[in-house]
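The structure appears right after this line, and notes come after that.
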């Protein structure tokens with residue numbers, strides 16, 4: 001039987017050759033991983049724990065910052081901050097061209113020159129963002145009818161410059177020197193937290209968020225420049241710029257889709273649910289984004305290693321399945337937990353004045369759980385230099401948003417918006433499943449998804465049963481007890497169903513030889 005003709009939009013062919021002996025620690029590109037003493041499996045596993053410690057702490061710090069800030073701000077003030085933030089995010093699509101990702105993926109012989117070229121491109125794009133902010137924030141002010149966002153928006157854009165100066169952390173990331181990378185990256189959010197909360201407590205309102213971001217990003221940039229192992233030079237190379245453009249334009253399209261959805265939600269929301277409603281949408285997005293931030297720990301840890309084994313079909317598939325299962329262990333329980341305890345979060349933690357956001361939080365919890373299925377697929381596309389599907393998914397998301405979400409927001413307010421975003425998430429998931437089937441031949445998405453959802457079912461059932469039995473007035477003590485039961489049940493059932501995968505991971509951490517579980521084998525075996 002002949003094979004089907006190769007289509008122009010097929011992913012690049014995966015070769016059978018080995019780029020390096022991954023398990024023995026013999027790696028290609030001499031000097032790329034100076035800190036690797038064992039195999040890449042062990043180093044990646046330990047790196048995941050290191051990154052988890054940093055990223056979970058920093059994600060938790062960011063979430064705590066949001067909670068504390070909204071305690072000091074009114075919904076209208078937080079909504080005004082949302083207008084400024086969304087306005088800047090509208091411009092940041094310029095910076096979302098994957099300069100860092102392409103720098104990690106490349107394998108030039110002179111890495112100092114390669115970094116200088118990437119750093120130059122990054123700074124050019126950073127300056128472009130600031131120039132556009134100066135030009136376009138007055139336009140946003142006219143669209144929103146709020147001229148008080150112009151100066152804060154332009155000032156906040158200067159934080160992008162500070163963030164751009166943190167590019168030297170890419171070098172340590174590419175070399176998988178995670179402790180050094182994360183230590184430098186922690187400076188920005190820690191300083192931001194201290195300054196923001198201090199100003200918010202002092203009555204600075206939404207200015208606390210703007211000044212905090214500005215101070216944190218610039219201090220983080222200064223420390224990163226001082227730590228750079230290469231000389232800081234500006235090199236603008238035409239051929240390199242072309243390579244970065246081919247790699248990056250689909251990422252720009254995908255980012256523009258996200259920006260358009262955020263901007264559309266804000267503009268239509270201002271006309272339908274008002275500034276307080278826009279603040280509720282911002283709160284729901286902020287909290288659910290936390291789960292994506294945590295799951296990025298595994299994906300971003302593995303990305304340099306994925307780039308090394310990008311021609312090994314078996315290792316690519318194994319890495320994808322196992323890393324996504326690790327992400328799902330967190331993402332699905334978090335999303336369903338937000339659905340179960342969203343009303344308690346508003347009532348006992350954030351405050352009753354955010355009551356309008358309860359239903360949004362509950363539905364966005366389901367969306368967060370759905371979005372974790374195949375969540376890390378983008379890293380494998382980037383490693384294969386095959387980013388076009390990301391642009392297609394972005395276009396699909398925009399079409400679904402316009403056809404489903406906007407009409408429901410107009411007719412149903414915040415409840416309609418919640419259902420519309422859920423519908424959009426399902427459409428995007430279907431498109432993602434299509435491309436996953438082409439990237440990983442034989443990948444069974446439904447069994448993969450079921451495996452992630454099953455451990456959460458007993459926990460949800462136990463909590464709902466407790467609520468039926470309890471009755472009466474709901475108190476903080478009751479809510480806390482249910483939450484502890486939910487977490488404990490989830491941990492126990494997950495440990496049972498995924499004990500094989502967890503045993504393999506802990507084996508790497510103990511530096512003991514461990515047999516990798518084939519991706520087709522059930523983790524409950526043995």
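Counting only residues that are out of contact with any helix residue (DSSP H, G or I) (no Cβ under 7 Å at 6 or more places or on another chain) and part of a helix (DSSP H, G or I), the range 468-484 holds 6 of them.
Among the conditions (1) under 14 Å from residue 420 (Cα atoms); (2) within 20 Å of the chain's Cα centre (by Cα), residue 402 misses just one, which is (2).
Among (1) surrounded by fewer than 19 Cβ atoms within 10 Å (Cβ to Cβ); (2) modelled with pLDDT under 85; (3) more than 26 Å from residue 345 (Cβ to Cβ), where does residue 290 come up short? For residue 290, the exception is condition (3). Of the residues in the range 253-268, not one is touching a residue at least 60 places away in the same chain (Cβ under 8 Å), farther than 29 Å from residue 349 by Cβ, out of contact with any helix residue (DSSP H, G or I) (no Cβ under 7 Å at 6 or more places or on another chain) and part of a helix (DSSP H, G or I). Evaluate the following for residue 469: is it modelled with pLDDT of 90 or more and more than 30 Å from residue 316 (Cβ to Cβ)? The answer is no for residue 469. Being surrounded by fewer than 18 Cβ atoms within 10 Å (Cβ to Cβ) and closer than 15 Å to residue 66 by Cα is the filter here; which residues of the range 343-368 pass it? Across the range 343-368, the qualifying residues are 349, 351. Could you go through the range 208-217 and let me know if any residue there is modelled with pLDDT under 90 and more than 23 Å from the chain's Cα centre (by Cα). Within the range 208-217 (the criterion being modelled with pLDDT under 90 and more than 23 Å from the chain's Cα centre (by Cα)), the answer is yes, since at least one residue qualifies.
Among the residues of this structure, residue 171 does not count as one that is surrounded by fewer than 20 Cβ atoms within 10 Å (Cβ to Cβ), more than 21 Å from residue 66 (Cβ to Cβ) and at pLDDT 90 or above. Restricting the search to helices (runs of 4 or more DSSP H) fully inside the range 383-462 and requiring at least 1 residues that are within 16 Å of residue 262 (Cα to Cα) and touching a residue at least 12 places away in the same chain (Cβ under 8 Å) gives 388-400, 406-439. Of the set (1) within 30 Å of residue 391 (Cα to Cα); (2) at pLDDT below 85; (3) in contact with a helix residue (DSSP H, G or I) (Cβ under 8 Å, 6 or more places away or on another chain), all apply to residue 235 but (2). Under the condition of being under 25 Å from the mean Cα position of the chain (by Cα) and buried (at least 18 other Cβ atoms within 10 Å of the Cβ), the residues counted in the range 454-478 number 2. Out of curiosity, is residue 343 more than 16 Å from the chain's Cα centre (by Cα) and within 30 Å of residue 482 (Cα to Cα)? The answer is yes for residue 343. Of the set (1) without any contact (Cβ under 8 Å) to a residue 40 or more places away in the chain; (2) touching a helix residue (DSSP H, G or I) at 6+ places or on another chain (Cβ under 8 Å), all apply to residue 226 but (2). Condition (residue is surrounded by fewer than 22 Cβ atoms within 10 Å (Cβ to Cβ), more than 22 Å from the chain's Cα centre (by Cα) and at pLDDT 80 or above) applied to the range 91-108: is it met by at least one residue? For the range 91-108, residues surrounded by fewer than 22 Cβ atoms within 10 Å (Cβ to Cβ), more than 22 Å from the chain's Cα centre (by Cα) and at pLDDT 80 or above: present. When we screen 103, 137, 172 for residues that are in contact with a helix residue (DSSP H, G or I) (Cβ under 6 Å, 6 or more places away or on another chain) and closer than 30 Å to residue 205 by Cα, the only hit is 137. When 198, 205, 162 are checked against the criterion of being surrounded by fewer than 22 Cβ atoms within 10 Å (Cβ to Cβ) and on the phi > 0 side of the Ramachandran plot, a single residue qualifies: 205. Checking 115, 140 one by one, the residue that is touching a residue at least 60 places away in the same chain (Cβ under 8 Å) and farther than 20 Å from residue 219 by Cβ is 115 and no other. Does residue 271 satisfy the criteria of being part of a helix (DSSP H, G or I) and either more than 26 Å from the chain's Cα centre (by Cα) or surrounded by fewer than 17 Cβ atoms within 10 Å (Cβ to Cβ) (or both)? Judged against the criteria, residue 271 is a match. Residues in the range 226-240 that are loosely packed, with under 14 Cβ neighbours inside 10 Å and assigned to a helix (DSSP H, G or I): 226, 238, 239. Yes or no: residue 125 within 19 Å of residue 158 (Cα to Cα) and crowded, with 21+ Cβ neighbours inside 10 Å? Here the answer is no, as residue 125 does not meet what is asked.
The values are calculated or read from the model by the stated rules, or taken from the named source; none is laboratory data. Predicted model, so just to flag it, every value in this text is computed and none were measured. So basically every Cβ, Gly included, is an ideal-geometry build from the backbone, and we count neighbours across all protein chains shown.
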